[in-house]
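The values are calculated or read from the model by the stated rules, or taken from the named source; none is laboratory data. Nothing here was measured: the structure is a model prediction, and the numbers come from that model. Neighbour counts are summed over all protein chains in view; Cβ atoms, including those assigned to glycine, are modelled from backbone coordinates with ideal geometry. Please note that ligands, DNA and RNA were not included when accessible areas were found on the heavy atoms of the full protein model with its side chains. Shrake-Rupley method; radii C 1.70, N 1.55, O 1.52, S 1.80 Å.
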Amino acid sequence: MKRVTAFVGSPRKKHTNDAVRQFLGNLQSLGDVESEIVHLSDHRVERCKGCCVCFIKGEEFCPFKDDDRDLLIEKMMTSDGVVFASPTYSFQVSAVMKTFLDRVGFVFHRPRFFGKTFTSIVVEGIYGGKKVVKYLDFVGSGLGFNVVEGSCVHILEPMTEKDRRKLDSNLAAHSKRFHDGLSQPPLPIPTFLYLMLFNKARTSIRHMLDDTYRDYVYYRDKGWFESDYFYPVRLNPLKRAAGRLFDYSMSKSASGKSGTVTTTPHS
Ligand SMILES: Cc1cc2nc3c(=O)[nH]c(=O)nc-3n(C[C@H](O)[C@H](O)[C@H](O)COP(=O)(O)O)c2cc1C
């Protein structure tokens, strides 16, 4: 049985909630899935004040660490599949969703949701949702998830019969895609792009930071300064050579710089 948790970033329980319920209903009818909807607006998620303490010292030193951030992270940790859903607001995610993303922003520096499947659902009234899907899918990669391409659903009331049929078929196809994604190998071989991002991030962290920085300690303790990737993978000789080349080019450009960190999108 796979556990799927959907995080809904709408301040009200209307179209985004309905789309997510429909998606999860489809998913459950495909079998072996249990699901939960988490409404971010029902939780206490403080607005990041930009102190960067989570990046440098560690997330446990965040001045807002007593809000629901850790509970929400735990819900992701205990899920096999995660959905981020948001209405399109001013051509972006809602403020509710963005506030949540900023509170988990340290995870882009120290990704952790490997082996878990992610997707996004974005609702738009007229225009802009497709770019928001791309954005949320990129966010999922950066957090460490395996990403199944999300979907943008168009809901403008009153809905015509044709619009309704299109929405139903989009969500049905998306549920199928995600259901397939849940049973894919959990630790896929990285593409050249993600290999490059891993090698460049780890080499810049190794050269520019030291053990007074949480990112450095995290990478060191995970063995990521020596490993081929974030998790055990068998790279072919070409990818191994490419990895070494990415390390080399980053060490060249990192020499002389210190105290700067980079982030690492992952797929
Ligand atoms: C403040 C605000 C900004 C919005 N901006 C956009 C937008 O940029 N593009 C768009 O297509 N729809 C936009 N909409 C419409 C919502 O995306 C649409 O109504 C969506 O269904 C709302 O989801 P909900 O019912 O879960 O709140 C906006 C709505 C609000 C309230």
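So, with a 1.4 angstrom probe, what is the percent of accessible area on the chain that is carbon and sulfur?
54 percent
Measuring with a 1.4 Å probe in the full set of protein chains, what accessible area per residue, in whole Å², belongs to region 151-206?
Per-residue accessible area for region 151-206 comes out at 54 Å².
What is the sum of charges around residue 203, taking Lys and Arg as +1, Asp and Glu as -1, for the other residues whose C-beta is under 10 Å from the C-beta of residue 203? Walk me through the intermediate numbers first.
Details: positive: 200, 202, 206, 252; negative: 247.
So the surrounding residues net to +3.
Which whole-number percent is the relative contact order of the chain (Cα, under 8 Å, 6+ apart)? Working shown, then result.
Values: 461 pairs, mean separation 54.2, N = 267.
Relative CO of the chain lands at 20 percent.
Residue by residue through region 85-96, which ³J(HN,Hα) values in whole Hz follow from phi under the Karplus form 6.51 cos²θ - 1.76 cosθ + 1.60 (θ = phi - 60°), with glycine and proline marked x?
Along region 85-96, the couplings run 10, 8, x, 7, 10, 6, 6, 9, 5, 5, 4, 4 Hz.
How far apart, in nm, are two points set 7 Å out from the Cα along the Cα-to-Cβ line at residue 71 and at residue 172?
3.8 nm
Which FRET efficiency value, to the nearest 0.05, do you get for residue 13 and residue 138 by plugging their Cβ-Cβ distance into 1/(1 + (r/R0)^6) with R0 = 30 Å?
Given R0 = 30 Å and the Cβ-Cβ separation, E is 0.65.
For residue 36 and residue 183 in the same chain, what is the full-extension length gain: residue separation times 0.36 nm, less their Cα-Cα distance, in nm?
Roughly 51.0 nm would be gained on extension.
If Lys and Arg each add +1 and Asp and Glu each add -1, what is the summed charge of the other residues whose beta carbon sits under 10 Å from the beta carbon of residue 91?
Here the charged neighbours net out to 0.
Whose amide H sits under 5 Å from the amide H of residue 38, counting only residues 5 or more places off or on another chain, with H placed in the peptide plane?
6, 7, 8
According to a simple spin-label model (label point 7 Å from Cα along Cα-to-Cβ), what is the distance in nm between residue 225 and residue 95?
For the pair residue 95/residue 225, the computed spacing is 4.3 nm.
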